Amino acid sequence: MHPYSFYMEDLRSLLPIMNALAAFEAVASVQSVSEASRRLNISQPSLSRHIKVLEENLNTQLFDRIHSKIRLTAEGERLFDAVQGGLSGIRQVCSDLKSQAEFPVVSIHCGYGLAHFWFLKIYPGLQQAFPDFDIQLSVSQTETAADRLEADLSFVTGKPSGPDYRSDRIMQERIVLACSPEFLNRHGLTSDQLKPETICQLPLLHLGREEYGCIWFGDWFRAHGMDFELTPEVLLYHSYTLMIEAASEGRGICIAWPQLSGDHFATGRLISLPGTEMESENGYFLVSREKQHATERFSALHTFVLEKAREMF
């Protein structure tokens, strides 16, 4: 006989006692037929019959009856541990599946910089507009495109090449060199004195090179006819937000996205250096899977996020 046949035979033998096992678990958990009857909203005689069927099927006494009270036997304790673990796991999975069907999960992923300076501001409105979704936001240190493609919606710097993805650019890469007024004063400089030859001699704040496709100081200096290489002692910031804060505290010159710097420029904490602007065809993209747009509600959520992004940037 095929092994699967033995499995089916074992399963068929269990079918008559499935309800009895559920009744047993209810009674054993409170050590009372009357209390279990009240909680399950079924009659005491019905519960007692289920327990009797189970004991006869197993040819084992599961409860000691002491006057009006019951107590699990050693065999009953052993069965209770097994049944409780199994039914508990089944209940949890059923609950999760039901919840998932009622409130589908939509995962959104972006880097700290975009989250800090923009996305967290629209997040409450997004949740209110789509209460039928369980919207889960995850944030990471870097803007590496490869990290993001597991999420339903991903904000990435750099456009993925796969045909299964839809990419909508929300912000073109436009950068400027920036520093704090205090930094210039400390070095006895004015912003119009900062030529490339001078800038390369000053402290520069670098974003980690794992950033996907972003302009870095090497690109900027080459655009101005100068070679530039990182030295081993350079401190790399692996968070755009931390780098912007460091620049506003006077620690050096950074590459900033003015659209993604909060109020640092408006309040004067950072100033842009004249003539240092640079742009590329790169930028931030909102990436999703093409097949998800077959769902009308998901498409509506995608459109909501895209419009909010374009309003801001």
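Just so it is clear, none of the values below were taken in a lab; they were calculated from the coordinates. Since the structure is predicted, the reported quantities are computational estimates derived from the model, not experimental observations. In this analysis, Cβ positions are derived from the backbone assuming ideal geometry, glycine residues included, and neighbour counts consider all displayed protein chains.
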Answer label for Rg and Dmax of the Cα atoms in Å (calculated), chosen among [x] 32.0, 98; [y] 40.5, 128; [z] 22.5, 68: [x]
Testing the spin-label approximation: label points 7 Å from Cα along Cα→Cβ at Ile66 and Arg174. State their distance in nm. 8.3
With +1 on each Lys and Arg Cβ and -1 on each Asp and Glu Cβ, how big is the dipole of the chain about its Cα centre, in debye rounded to the nearest 20? 1120
Which of the helices in the chain, when you take each full DSSP H run, stretch at least 20 Å along the axis at their Cα atoms and have an average Kyte-Doolittle score of -0.5 or higher? 74-102, 296-312
Treat segment 189-313 as a sphere of radius equal to its Kirkwood radius over Cα pairs and apply Stokes-Einstein at 4 °C in a medium of 1.567 mPa s; give the translational diffusion coefficient in µm²/s, rounded to a whole number. 76
